[in-house]
Amino acid sequence: MDFLINSWYNLEQEEKDYFQNKSKKELQDRWKTEEGIEIRRRIIEICFARGKSKNYAPYVGYCTSSEFKDELLLDLRGLDLSDYSNLFDDIIVTLDFSFCNLEFSNFSNSELSKCNFRHSNLASSDFSNTLLDESDFSSSNLSYCNFENTQLEESNFNNVNINQINLKDANINDLVFNKKIVFEEINVKTINDLNNYSFIKFINKKNNLIKNKSYLSKILNFVYKYT
């Protein structure tokens, strides 16, 4: 069984471990099966009908996530939506991936403007070369995501985890963000600060605070050890 259908709470611990510990390859390969292709088709069909992510529940189950420990998210890990466009007859069809676990997913080379990724786990997903203008990533985990050469103009990054995110050559004009952005390390040298100087300034300031805090911690540990 590649996809979880039964309620998470009704599973034996052995079954939970089986689904929770699937490898990246296993999660991605399951979307190439007949079952995976059909589930993907149904998800897009629901979006065309202006449905919400909760409407995916009859086709995919819920699983836990390290980022949202006390919550269950819809299990869409490894989803492949690369080379896809949500623009049909000049109309943008909003895709709803809120409250989903999308770890290791592939959205590269796509047109996905105005999509909803709110409160989702997107860790290690690929958004490279993708149009994501006006998309909502608020309160999501974007750690280790690849946004290289991606259009993120006017997208929402409020309350996101962007640890080790790749924003090389990304367009972040008018990116919405707040001071609750979380990260331990991020390389700003590859980000074009002409796109959003205030965002770069904020990241640099927080980077310095993290480094100073780490340095202070090392000094205190040294003093504690030798006094």
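For the reader, a short list of remarks on this structure follows.
- Tabulated pairs, the stretch 100-111, first of a type in the set (D, E, K, R), second assigned to a strand (DSSP E or B) and modelled with pLDDT under 95, C-beta under 8 angstrom, 6+ apart or interchain: 111/87
- Taken together, the residues in the stretch 88-117 that are under 17 Å from the mean Cα position of the chain (by Cα), part of a strand (DSSP E or B) and surrounded by fewer than 20 Cβ atoms within 10 Å (Cβ to Cβ) amount to 1.
- Of the numbered criteria (1) of a type outside the set (Phe, Trp, Tyr); (2) modelled with pLDDT of 95 or more; (3) surrounded by 16 or more Cβ atoms within 10 Å (Cβ to Cβ); (4) farther than 23 Å from residue 33 by Cβ, the one residue 85 fails is (3).
- The helices (runs of 4 or more DSSP H) located wholly in the stretch 12-51 that include 3 or more residues which are modelled with pLDDT of 95 or more occupy 24-29, 34-48.
- Residues of the stretch 61-87 satisfying the condition of being among the hydrophobic types (A, V, I, L, M, F, W, C) and within 18 Å of the chain's Cα centre (by Cα): 63, 68, 72, 73, 74, 76, 79, 81
- Identity of the residue in the stretch 147-156, surrounded by fewer than 21 Cβ atoms within 10 Å (Cβ to Cβ) and in contact with a strand residue (DSSP E or B) (Cβ under 6 Å, 6 or more places away or on another chain), that ends up farthest from residue 76 (Cα to Cα): 153
- Just one of the listed residues (155, 198) is of a type in the set (Gly, Ala, Ser) and within 21 Å of residue 118 (Cα to Cα), and it is 155.
The values are calculated or read from the model by the stated rules, or taken from the named source; none is laboratory data. What you are looking at is a predicted structure, and each value in this text was computed from that prediction instead of being measured. Note that we place each Cβ from the backbone using ideal geometry, even for glycine, and neighbour counts take in every protein chain shown.
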